[in-house]
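K.L.:
Structure incoming, see below.
Bear in mind these aren't lab numbers, they're just calculated from the coordinates by the rules spelled out. Note that the structure is predicted; figures quoted are calculated from it, not measured. FYI the Cβ positions are ideal-geometry reconstructions off the backbone, even for glycines, and counts take in every protein chain you see.
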Amino acid sequence: MDFSNQDLARAGLLEPAWRHRLMEQAVLQIEKPSAEETQQALQVFCQQIQVQDQQQLQAWLQLRGLSGAELEAMAQLPVRWRKWCEQRYATTVEHEYLRRKAEFDEVTYSLLRLRDGELAAELHQQLQEGEVSFEALASSFSEGPEKNSGGKLGPVPLSTPHPALAKLLEISQEGQLWPPKQLEGWWIIVRLEKRKGAQLDEALKQRLIIEQGDDWLRNELNLVLAAHNEQVN
């Protein structure tokens with residue numbers, strides 16, 4: 001039995017089905033992985049579907065009406081997709097890194113948050129004058145989970161904190177203490193402790209290459225879904 005796009009949409013499967021098809025179409029010109037790569041890909045695939053032995057695998061295939069060749073193609077697809085992304089985006093990865101470098105830098109910072117603005121101003125004054133440590137004040141007064149770590153957070157990528165807080169940390173010098181600022185109903189006091197600049201190592205290159213491929217895939221998928229919606233409406 002064949003299923004229409006509308007059948008897939010009603011089952012909540014239209015998006016993943018088209019995502020899979022678009023990936024298959026993209027990698028048509030990518031050579032198939034080697035026997036060793038295929039074997040590794042099959043092992044990863046079996047782990048993902050929680051199949052532990054050959055008997056379970058045969059039962060899984062039979063239940064879904066799939067052949068061994070189709071299983072191999074399914075397992076190979078992520079490998080071929082990675083190679084497609086590398087061919088398409090390897091030359092743009094440095095530009096992408098420079099464009100987004102700030103979000104990959106890691107920061108360690110101290111945070112104290114309060115609902116009471118007057119108390120926040122008082123505590124900031126104490127910190128500024130060196131009367132007490134940030135850790136002591138955060139442990140006693142902070143109303144967020146950072147209370148349990150004496151206000152110390154990180155190291156975390158700069159993309160992790162709230163965007164407004166991340167912007168503040170991005171322009172901070174190490175050791176810089178900011179006066180209380182309002183953020184979504186809180187008064188926060190923040191001090192940058194340490195910043196570690198990101199390096200474009202192999203792991204980050206692969207991540208950026210795949211993310212650019214995923215962006216392309218998302219755009220193509222949106223076009224398909226938009227066309228489907230026009231047909232339905």
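K.L.:
Mind ordering 46-54, 152-160, 221-229 by average Cβ neighbours within 10 Å, highest first?
P.N.:
152-160, 221-229, 46-54
K.L.:
How are the C-alpha pair distances of the chain spread across 10 Å bins, as whole percents from the shortest bin up?
P.N.:
P(r) for the chain, in whole percents per bin: 7, 21, 20, 18, 18, 12, 4, 0.
K.L.:
Working from Cα positions, state the angle (0 to 90°, nearest 10) between the long axis of helix 93-104 and the longest principal axis of the chain.
P.N.:
Helix 93-104 and the main axis of the chain meet at about 40 degrees.
K.L.:
Can you work out the FRET efficiency for the pair Met74 and Gln182, with r the C-beta to C-beta distance and R0 = 45 Å, to the nearest 0.05?
P.N.:
So, using R0 = 45 Å, E works out to roughly 0.30.
K.L.:
Roughly how many nanometres apart are two label points built 7 Å out from the Cα toward the Cβ at Ala198 and Asp7?
P.N.:
Going from the Ala198 label point to the Asp7 one covers 4.4 nm.
K.L.:
How far, in nm, would the chain grow between Gln55 and Val156 when pulled straight, counting 0.36 nm per residue and subtracting the alpha carbon separation?
P.N.:
32.0 nm
K.L.:
Over all directions, what mean area does the Cα convex hull of segment 20-88 project, stated in square nanometres?
P.N.:
4.8 nm²
K.L.:
Same structure, new question: What are the lysines whose alpha-carbon lies under 23 Å from the alpha-carbon of Lys167, with same-chain residues fewer than 8 places away excluded?
P.N.:
By straight Cα distance, Lys167 reaches Lys101, Lys147, Lys152, Lys181, Lys194, Lys196.
K.L.:
Which residue fluctuates most in the GNM of the chain (Cα springs below 10 Å): Ala138, Ala17, Ala198?
P.N.:
Between Ala138, Ala17, Ala198, it is Ala17 that shows the largest mean-square fluctuation.
K.L.:
Enter the angle in degrees (range 0 to 90, nearest 10) between the Cα long axis of helix 68-89 and the first principal axis of the Cα atoms of the chain, meaning the one along which they spread out most.
P.N.:
Around 50 degrees separate the two axes.
K.L.:
By what distance, in whole Å, do the Cα atoms of segment 104-196 stretch along each of the three principal axes, largest value first?
P.N.:
34, 26, 23
K.L.:
Rounded to the nearest 500, what is the 222 nm mean residue ellipticity of the chain from helices alone, with -39500 (n - 2.57) per DSSP H run of 4+ residues and division by all residues?
P.N.:
-19000 deg cm²/dmol
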